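Single-structure report; data block below.
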Amino acid sequence: MIVMNALSIDLEEWYHSELVEGRRSRTSQAAEATKPILDLLDQYQTKASFFVVGEVAEQNPDLIQSIFQRGHEIGCHTFSHKLVWNLDESHLRGELDRFHSIMQKILGKANIKGFRAPCFSIDNRNKWALKVLSDFGYQYDASIFPLKINPLYGIRGAPTRPYRISFEDVRKEDPQSPLMEFPLCPLKIAGLRIPISGGFYLRALPQSFLHWGLGRINRSQPFLVYFHPWEGYEKTPRFKLPFYNRVISYYGISSALKKFEFLLRRFRFARVDEVLDLR
Ligand SMILES: [Zn+2]
């Protein structure tokens with residue numbers, strides 16, 4: 001059985017990463033770091049969803065137009081990459097307003113269906129955010145990380161396949177909910193949930209293991225890959241960070257694009273809205 005998986009790119013600058021944020025230099029690399037990804041997607045005739053940070057769009061309107069014209073989905077990754085946990089409702093609305101007005105300017109329309117919170121920063125503490133997304137016309141969210149392995153994010157016990165998300169408890173399904181959720185889909189093995197399909201996990205795990213593990217997930221459901229342009233870009237600035245942050249931020253950058261291409265070769269992918277059948 002061939003399963004159509006969802007491919008997402010969080011389009012942000014290297015300095016938006018939570019572990020290096022606050023560095024003084026803010027050299028923009030988004031356009032050059034995204035180009036090889038776009039070329040690979042063209043080469044493998046694959047469409048993806050780009051969750052874009054509004055301020056990156058503001059500085060790179062041509063890049064956004066090019067992504068859109070190539071047939072990829074444009075989703076929202078907030079305006080300024082602030083963690084949703086650190087916002088109150090009016091601030092989140094402000095972020096979305098700014099995001100939508102810049103997209104209106106660049107694309108002439110702002111029919112944005114999908115949202116991903118920076119650092120998967122939606123859980124039951126700020127479940128009110130789901131109602132805000134729905135008010136803005138979003139049809140799906142992709143911010144739920146259904147396991148706890150990272151000190152910053154993750155929710156134990158949330159579903160691991162797409163579901164209509166309850167506004168009362170993000171771990172629950174509600175058939176009446178206006179919002180679909182596409183959570184990260186971990187590998188389940190020996191009673192454990194192991195994240196393998198994005199970010200550091202994708203960079204760190206051997207290709208053969210990724211192939212085996214993702215194939216195993218595909219026996220019963222699609223998975224969702226997430227990737228950042230800075231993760232596959234050789235010139236991403238490297239800072240002297242504490243050991244843990246350094247490993248999480250920089251490990252495997254030089255081989256990440258090769259792995260990304262390997263996935264495109266071995267699995268089938270489409271935009272998140274297509275996999276969810278939201279067109
Ligand atoms: Zn991000």
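The values are calculated or read from the model by the stated rules, or taken from the named source; none is laboratory data. Keep in mind the model is a prediction, meaning the values are calculated, not measured. Glycine also receives a Cβ, built like all others from the backbone with ideal geometry; neighbour counts cover every protein chain displayed. Protein only, heavy atoms only, side chains kept; ligands, DNA and RNA dropped before computing areas. Shrake-Rupley method; radii C 1.70, N 1.55, O 1.52, S 1.80 Å.
Key figures
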{"read-out": "Any hit, the stretch 169-188, residues being small (Gly, Ala, Ser) and surrounded by fewer than 20 Cβ atoms within 10 Å (Cβ to Cβ)", "value": "yes"}
{"read-out": "Contacts under 6 angstrom Cβ, first residue in the stretch 96-109 being without any contact (Cβ under 8 Å) to a residue 24 or more places away in the chain, partner open to solvent by less than 90 Å² (accessible area, probe 1.4 Å), 6 or more apart", "value": "Gln104/Ala110"}
{"read-out": "Verdict on Arg161 being part of a loop (DSSP other than H, G, I, E, B), in contact (Cβ under 8 Å) with a residue 40 or more places away in the chain and surrounded by fewer than 22 Cβ atoms within 10 Å (Cβ to Cβ)", "value": "yes"}
{"read-out": "Members of the stretch 46-56 found to be within 16 Å of the chain's Cα centre (by Cα) and assigned to a helix (DSSP H, G or I), listed by number", "value": "Gly54, Val56"}
{"read-out": "Filter result (in contact with a strand residue (DSSP E or B) (Cβ under 8 Å, 6 or more places away or on another chain) and free of Cβ contacts under 8 Å to residues at least 60 places away in the same chain) within the stretch 215-262", "value": "Arg216, Ile217, Ala256"}
{"read-out": "Residue list for the stretch 105-118, filter: buried (at least 19 other Cβ atoms within 10 Å of the Cβ) and within 19 Å of the chain's Cα centre (by Cα)", "value": "Ile112, Lys113, Gly114, Phe115, Arg116, Ala117, Pro118"}
{"read-out": "Any chance Ile102 is at negative phi, open to solvent by less than 10 Å² (accessible area, probe 1.4 Å), part of a helix (DSSP H, G or I) and of a type outside the set (Asp, Glu)", "value": "no"}
{"read-out": "Selection within the stretch 76-99 - part of a helix (DSSP H, G or I), within 14 Å of the ligand (Cβ to nearest atom) and open to solvent by less than 70 Å² (accessible area, probe 1.4 Å)", "value": "Val84, Trp85, Glu95, Phe99"}
{"read-out": "Single match in Thr27, Thr46, Thr78 (criterion: in contact with a Phe, Trp or Tyr (Cβ under 6 Å, 6 or more places away or on another chain) and not small (Gly, Ala, Ser))", "value": "Thr46"}
{"read-out": "Qualifying positions in the stretch 124-158 - within 16 Å of the ligand (Cβ to nearest atom) and either assigned to a loop (DSSP other than H, G, I, E, B) or surrounded by fewer than 15 Cβ atoms within 10 Å (Cβ to Cβ) (or both)", "value": "Ala142, Ser143, Ile144, Phe145, Asn150, Leu152, Tyr153, Gly154"}
{"read-out": "Which listed residue, of Glu173, Glu234, Glu181, Glu168, is of a type in the set (Asp, Glu), away from the ligand (no atom under 16 Å from the Cβ) and modelled with pLDDT under 90", "value": "Glu234"}
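Residues checked against (1) farther than 18 Å from Arg271 by Cβ; (2) within 14 Å of the ligand (Cβ to nearest atom); (3) open to solvent by less than 10 Å² (accessible area, probe 1.4 Å):
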position: Ile2; (1), (2), (3): no, no, no
position: Ala6; (1), (2), (3): no, no, yes
position: Ala30; (1), (2), (3): yes, yes, yes
position: Ile37; (1), (2), (3): no, no, yes
position: Tyr44; (1), (2), (3): no, no, no
position: Leu63; (1), (2), (3): no, no, no
